[in-house]
Amino acid sequence: MSALMGGETYSIDSKGRVKLPSRLLKHLASDADTTFVLTRGLDGCIFGYPMSEWKQVESKIRSLNQFDQKNRSFVRHFLMLSEEITLDGQQRLIIPRKLMEFAGIKDEVTIVGVLDHIEFWNPNRYEHYISLHDADFDKISEEVMTQN
């Protein structure tokens with residue numbers, strides 16, 4: 001099980017490559033390899049799952065009833081931009097153009113570790129998202145962390 005955490009903004013080269021920070025990668029599960037599945041995320045970001053974590057997500061998706069309209073819609077939207085990407089020898093990941101366009105990412109990307117996956121954000125969009133929820137963080141934390 002991965003425990004990805006931390007966040008920072010990085011440059012993206014003209015080919016869409018970004019170097020993943022080693023301090024983030026060191027938190028990958030021991031059974032993870034260098035392959036990730038990048039897919040459409042929530043709130044306008046890209047989700048990047050290490051293959052070991054993706055297998056669990058895929059299992060949940062496979063268990064959905066494909067005859068239910070909401071399930072079909074979710075699966076189509078979630079998977080339509082998905083791609084398997086392998087880190088190169090310099091720990092760089094290529095973010096596909098269609099995903100960069102979806103997330104509004106151009107020259108820079110904010111990379112955030114979120115336990116089982118990495119999120120890739122347009123830096124301005126991420127700052128806006130955080131500022132919208134910053135004032136409520138204490139209240140949200142109390143509600144979320146005291147749930148049974």
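The values are calculated or read from the model by the stated rules, or taken from the named source; none is laboratory data. Only a predicted model underlies this, so the values are computations on that prediction, with no experimental measurement involved. Note that we place each Cβ from the backbone using ideal geometry, even for glycine, and neighbour counts take in every protein chain shown.
Do any strands (runs of 3 or more DSSP E) entirely within the stretch 90-144 hold 3 or more residues that are at pLDDT 95 or above and either under 22 Å from VAL57 (Cβ atoms) or of a type in the set (S, T, N, Q) (or both), and if so, which? Steps first, answer last, please.
On the way: elements: 92-94, 108-115, 117-121.
Hits in the stretch 90-144: 108-115, 117-121.
Return the only residue of GLY48, GLY7, GLY44 being surrounded by 12 or more Cβ atoms within 10 Å (Cβ to Cβ) and at positive phi. Before you say what the answer is, go through the steps one by one.
Values: GLY48 fails: at positive phi; GLY7 fails: at positive phi.
From the options GLY48, GLY7, GLY44, the qualifying one is GLY44.
Checking the conditions here, which among LEU87, LEU93, LEU81 is under 10 Å from ARG40 (Cα atoms), of a type outside the set (Ser, Thr, Tyr) and in contact with a Phe, Trp or Tyr (Cβ under 9 Å, 6 or more places away or on another chain)?
On the way: LEU87 fails: under 10 Å from ARG40 (Cα atoms); LEU93 fails: under 10 Å from ARG40 (Cα atoms).
Going through LEU87, LEU93, LEU81 in turn, the sole match is LEU81.
Give me the residue from the stretch 39-60 that is among the aliphatic types (A, V, I, L, M) and part of a helix (DSSP H, G or I) and, out of that set, modelled with the highest pLDDT. Quick ask: steps written out before the conclusion?
Of all residues in the stretch 39-60, those among the aliphatic types (A, V, I, L, M) come to 42, 46, 51, 57.
From what is left, the residues that are part of a helix (DSSP H, G or I) are 51, 57.
Values: MET51: 92, VAL57: 96.
Filtering first and then ranking leaves VAL57.
Could you tell me which numbered condition PHE67 fails, if it satisfies all but one of (1) within 27 Å of PRO123 (Cα to Cα); (2) among the aromatic types (Phe, Trp, Tyr); (3) in a loop (DSSP other than H, G, I, E, B)?
So the condition that PHE67 fails would be (1).
Could you figure out which of (1) surrounded by fewer than 16 Cβ atoms within 10 Å (Cβ to Cβ); (2) among the hydroxyl-bearing types (Ser, Thr, Tyr); (3) closer than 18 Å to GLY7 by Cα isn't true of THR146?
Evaluating THR146 over (1) surrounded by fewer than 16 Cβ atoms within 10 Å (Cβ to Cβ); (2) among the hydroxyl-bearing types (Ser, Thr, Tyr); (3) closer than 18 Å to GLY7 by Cα leaves (3) as the failure.
Is it true that ASN65 is surrounded by fewer than 16 Cβ atoms within 10 Å (Cβ to Cβ), at pLDDT 95 or above and touching a helix residue (DSSP H, G or I) at 6+ places or on another chain (Cβ under 6 Å)?
When the stated conditions are applied, ASN65 passes them.
So which residues in the stretch 68-91 are closer than 20 Å to SER52 by Cα and exposed (fewer than 13 other Cβ atoms within 10 Å of the Cβ), if there are any at all? Talk me through it step by step, then tell me what you get.
So in the stretch 68-91, the residues closer than 20 Å to SER52 by Cα come out as 75, 78-79, 81-89, 91.
GLU84, THR86, ASP88, GLY89 - these are the residues of the stretch 68-91 that are closer than 20 Å to SER52 by Cα and exposed (fewer than 13 other Cβ atoms within 10 Å of the Cβ).
Between a residue in the stretch 70-95 that is under 17 Å from ILE118 (Cα atoms) and any residue that is in a loop (DSSP other than H, G, I, E, B), which pairs come within a Cβ distance under 6 Å, given they are 6 or more apart or on different chains?
GLU83/PRO96; THR86/THR34; LEU87/THR34; GLN91/LEU20; LEU93/LEU20; LEU93/LEU87; ILE94/GLY16; ILE95/GLY16
Quick check on my filter: what residues within the stretch 10-24 are loosely packed, with under 14 Cβ neighbours inside 10 Å and either modelled with pLDDT of 90 or more or part of a loop (DSSP other than H, G, I, E, B) (or both)? Don't jump to the end; show me each part of the working.
The first filter runs over the stretch 10-24 and keeps only residues loosely packed, with under 14 Cβ neighbours inside 10 Å, leaving 11, 13-15, 22-23.
Within the stretch 10-24, SER11, ASP13, SER14, LYS15 qualify.
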